[in-house]
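One structure is given here, and the rest of the page talks about it.
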Amino acid sequence: MLETLIPNWGRFGDRLISDTMATLQMVAIAGSIAFILGMTFGVLLVVTKKEGILEQLFIYNLLDMIINVIRSIPFLILLILLIPISRAIVGTGLGVTGAIIPLVFGTTPFFARQIESAIAELDSGLVEASLAMGMSPIEIIFSVYLRESIPSITRVTQITAINLVALTTFAGAVGAGGLGDFAIQFGLQLRLMDLLWAAIIIILIIVSVIQGIGNVIIKWSTK
Amino acid sequence: MIKIEHVNKTFIIKKRNIHALQDISLEIKAGEIFGIIGYSGAGKSTLIRCINLLERPTTGSIMVDGEELTALSARGVRQARKKMGMIFQHFNLMPSRTALGNVLFALRKSTLTKEEKEKKARDLLELVGLAHRIHAYPSNLSGGEKQRVAIARALSNDPKVLLCDEATSALDPKTSASILKLLKEVSQKLQVTIVLITHSMDVIKEICDRVAVIEGGQLKEEGKVLDIFSHPKSDITKQFVSQSSGIGKIYELIEQDAPIVALEADEMLLKLTYAGGKVKDALIYHIMKEFDVKTSIIFGNVAIIQHFNIGTLVISCCGKQKNLAEAIAYMREQGVQVEVMKSC
């Protein structure tokens with residue numbers, strides 16, 4: 001079956017599988033880290049800004065600036081720029097492990113901004129009501145900001161995760177492999193179009209799964 | 001119960017000082033329903049938010065139940081806020097929680113057991129008349145129902161004070177009346193002191209014991225609702241009262257010289273205000289008969305405030321100058337306030 005659909009499966013099927021796994025690994029690991037960091041920074045942006053529940057303009061301005069700077073660096077350049085930092089943190093600047101740090105840097109600032117705007121959509125009256133009930137800032141962050149914006153947080157997580165899948169295609173530049181690298185090698189250089197299409201279809205499936213899971217969560221959490 | 005002393009609040013907006021509140025002092029007694037009325041921008045929202053320190057006064061003191069709030073730590077303020085419930089114009093219910101969930105949410109830090117909390121939340125929802133809707137989400141509730149949930153939520157920590165921020169402004173008149181009735185019941189049943197702000201004299205008339213009128217961040221007038229209605233002193237209060245009785249329309253008509261208020265020679269337009277049912281019904285008959293003054297009623301309104309009636313009548317009188325003057329003097333003797341609105 002696979003042989004007829006993908007004539008070159010026999011020669012390069014193993015590569016396709018291992019590159020798919022590399023992409024999935026990068027998305028899962030970098031995605032999880034970026035999710036937690038981005039959520040933290042996004043919430044920090046919301047609470048420390050002017051009129052925020054823990055107004056700290058110094059922290060806000062600092063975060064704001066760092067996010068803007070990192071976001072303005074093109075990812076391919078970020079990937080190379082961060083090789084020494086990757087080495088220092090995870091021991092190598094190459095391979096899937098080496099790609100994780102740049103992917104986190106490439107995703108977190110974008111996600112933090114998305115989280116900031118997702119929470120900003122909330123009716124400020126909800127926070128006022130919670131303050132009037134005598135709730136502490138920590139309670140408000142978890143029980144109001146995060147809980148009440150689950151649908152919009154899910155939506156921005158979908159967008160960011162799909163973006164992350166796109167970013168992993170650059171990771172070949174540091175020898176991490178992945179479907180992007182696979183497509184360049186076999187599709188562009190060897191002109192094996194069946195393998196190019198196979199890679200595209202796998203990416204489509206990954207993106208659809210992300211969309212599908214997100215939509216289920218949005219549906220479940222929107223009352 | 002609540003003592004507001006010399007409270008000032010200044011906002012700095014674009015490097016300009018905005019004096020939202022200027023030297024406001026008020027005392028609100030335990031168990032009463034106290035209304036604060038003003039137009040939008042008068043500072044009433046800021047004032048009610050000063051009572052639970054959602055806005056911190058720039059200077060001045062806020063005492064609630066014998067405790068000086070402005071001196072408390074952040075934690076102390078949170079504790080004090082738990083003893084005060086608050087409801088809002090736009091309800092501010094948590095959309096992801098059911099009616100029951102919203103009440104339980106306010107109870108999460110209480111020392112009751114899980115079962116006790118659940119029972120209390122159910123009891124409160126029953127008190128506000130929503131026993132059949134406890135599992136509904138806010139998006140499926142009507143405005144009035146949402147405000148009922150908000151009231152149940154605000155009462156969950158047995159507050160001594162309930163702050164109402166334009167609680168009925170977003171509701172239709174019928175629903176608004178039912179919410180006011182509920183507030184009155186709550187204040188009697190649970191001995192809660194209620195402070196409400198509004199721009200509608202009808203709300204004040206309906207449930208308040210005392211009222212404060214504020215304009216431009218200043219306290220203009222304060223007193224029992226009946227007194228304020230029957231003898232308004234400041235211009236702003238007079239405006240509110242006349243809007244409420246509908247007499248404001250007549251003033252507009254006079255300004256426009258409308259035919260309905262056009263006068264013939266020897267005719268004048270009088271506004272009569274009387275309070276407390278001390279005026280005999282035969283007043284109009286009497287002036288027609290005794291002073292030979294032809295009288296027709298152009299406008300009339302009677303407001304019932306705490307079992308007293310306050311009447312406003314606009315009449316046109318036609319007669320000899322001397323007779324008209326005598327008629328007016330007679331009516332004043334009878335305890336009726338007479339104002340000449342227009343004369344020829």
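Taking the Cα centre of the protein assembly as shown as the origin and placing charges on Cβ (Lys, Arg +1; Asp, Glu -1), which of B:LEU313, A:PHE110, B:GLY129 is farthest toward the positive end of the dipole? The listed residue farthest towards the positive side: A:PHE110.
Restricting the GluC sites (Glu not before Pro) of the stretch A:99-177 to loop positions (DSSP other than H, G, I, E, B) with no more than 13 neighbouring Cβ atoms within 10 Å leaves A:GLU121. Each residue, A:SER117 and B:ALA258, gets one label point 7 Å from its Cα in the Cβ direction; the gap between the two is 5.1 nm.
Note on chain B: antiparallel DSSP beta bridges, both residues inside, total approximately 75 percent of the bridges counted. Here chain B exposes an accessible surface that is 51 percent carbon and sulfur, computed with a 1.4 Å probe and the other protein chains kept in place. List every residue whose amide H lies under 5 Å from the amide H of B:ALA167, counting only residues 5 or more places away in sequence or on a different chain, with H placed 1.01 Å from N in the peptide plane. Result for B:ALA167 returns B:ILE197.
The stretch B:311-335 and the stretch A:65-121 have Cα centres spaced 86 Å apart. The order of B:CYS318, B:CYS164 by accessible area, most exposed first and with a 1.4 Å probe, is B:CYS318, B:CYS164.
Please give the calculated 222 nm ellipticity per residue for the protein assembly as shown, where each DSSP H segment of at least 4 residues contributes -39500 (n - 2.57) and the sum is spread over every residue; nearest 500 deg cm²/dmol? Intermediate values should be presented prior to the final figure.
Values: 23 runs with 290 residues, N = 567.
After summing the helix terms and dividing by the residues of the protein assembly as shown, the value is -16000 deg cm²/dmol.
Let's test the formula: R0 of 45 Å, r as the Cβ-Cβ distance of A:GLU51 and B:HIS307. What FRET efficiency results, to the nearest 0.05?
The value I calculate is 0.45.
Each chain gives up part of its surface: B and A jointly bury about 1900 Å² of accessible area, both sides summed, for a 1.4 Å probe. Solvent-accessible surface of protein heavy atoms, probed at 1.4 angstrom with all chains present, puts B:HIS307, B:HIS132 in the order B:HIS307, B:HIS132, largest first. The heavy atoms of A:SER32 present about 70 square angstrom of accessible area, all protein chains included, probe 1.4 Å. A simple spin-label model places the labels of A:ALA28 and A:ILE80 3.2 nm from each other, with each point 7 Å out along Cα-to-Cβ. So which residues in the stretch A:129-154 end up with at least 20 square angstrom less accessible surface once the other protein chains are there, compared with the chain by itself, probe 1.4 angstrom? By number: A:ALA129, A:LEU131, A:ALA132, A:MET133, A:GLY134, A:MET135, A:SER136, A:GLU139, A:SER143, A:ARG147, A:GLU148. Tell me, what is the FRET efficiency for A:ILE70 and A:THR222 to the nearest 0.05, using R0 = 30 angstrom and their Cβ-Cβ distance as r? For R0 = 30 Å, the calculated efficiency reads 0.40.
Charge dipole of the protein assembly as shown (Cα centre as origin; +1 on each Lys and Arg Cβ, -1 on each Asp and Glu Cβ, all else neutral): 1000 debye, rounded to the nearest 20. When the Cα gyration tensor is reduced to axis lengths a ≥ b ≥ c, the ratio a/c is 1.5 or higher for the stretch B:64-204, and with a/b not above b/c it is classed as oblate. Model label sites at A:ILE36 and B:GLU333, defined 7 Å from Cα along the beta-carbon direction, differ in position by 9.2 nm. By DSSP, the beta bridges lying fully in the protein assembly as shown are antiparallel in about 75 percent of cases. How would you classify the stretch B:246-343 from its alpha-carbon gyration tensor, with a ≥ b ≥ c the square roots of the eigenvalues: rounded for a/c under 1.5, else prolate if a/b is greater than b/c, otherwise oblate? Judged from the Cα gyration tensor, the stretch B:246-343 comes out oblate (a/c at least 1.5, b/c at or above a/b). Sparsely packed loop sites in the stretch A:1-61 (the trypsin sites (Lys or Arg not before Pro) outside DSSP H, G, I, E and B with at most 12 other Cβ atoms within 10 Å) comprise A:LYS50.
Per-residue SASA remark: A:ARG113, around 50 Å² accessible (1.4 Å probe; ligands, DNA and RNA not included).
Figure note: B:HIS286, B:HIS135 ranked by solvent-accessible area, largest first, 1.4 Å probe, ligands and nucleic acids not counted: B:HIS135, B:HIS286. Classify the stretch A:71-223 as rounded, prolate or oblate, taking a ≥ b ≥ c as the square roots of the eigenvalues of its Cα gyration tensor: rounded when a/c is under 1.5, otherwise prolate if a/b is larger than b/c and oblate if not. Oblate, because a/c is 1.5 or more while a/b does not exceed b/c.
Magnitude of the charge dipole for chain A, about its Cα centre and with charges confined to Cβ atoms of Lys, Arg (+1) and Asp, Glu (-1), is about 320 debye.
Placing R0 at 35 angstrom, the Cβ-Cβ distance between B:THR70 and B:ASP172 gives a FRET efficiency of 0.35 after rounding to 0.05. Considering only C-alpha atoms, what is the centroid distance from the stretch B:107-167 to the stretch B:185-236, in Å? Cα centroid of the stretch B:107-167 versus Cα centroid of the stretch B:185-236: 26 Å apart. The mean accessible area for residues of chain A, using a 1.4 Å probe and ignoring ligands and nucleic acids, is 49 Å² per residue.
Across peptide B:133-141, how many C-beta atoms of other chains are within 10 Å of each residue C-beta, on average? Don't skip to the end; give the middle numbers.
Values: counts 0, 0, 0, 1, 2, 1, 2, 1, 0.
Other-chain Cβ atoms within 10 Å of each residue's Cβ, averaged: 1.
Here the stretch A:1-89 exposes an accessible surface that is 71 percent carbon and sulfur, computed with a 1.4 Å probe and the other protein chains kept in place.
The values are calculated or read from the model by the stated rules, or taken from the named source; none is laboratory data. Keep in mind it's a predicted model, so treat the numbers as computed, not measured. Every residue, glycine as well, gets a Cβ built from its backbone with ideal geometry; the counts of neighbours run over all protein chains shown. Side chains included, ligands, DNA and RNA excluded: accessible areas come from the protein's heavy atoms. Shrake-Rupley method; radii C 1.70, N 1.55, O 1.52, S 1.80 Å.
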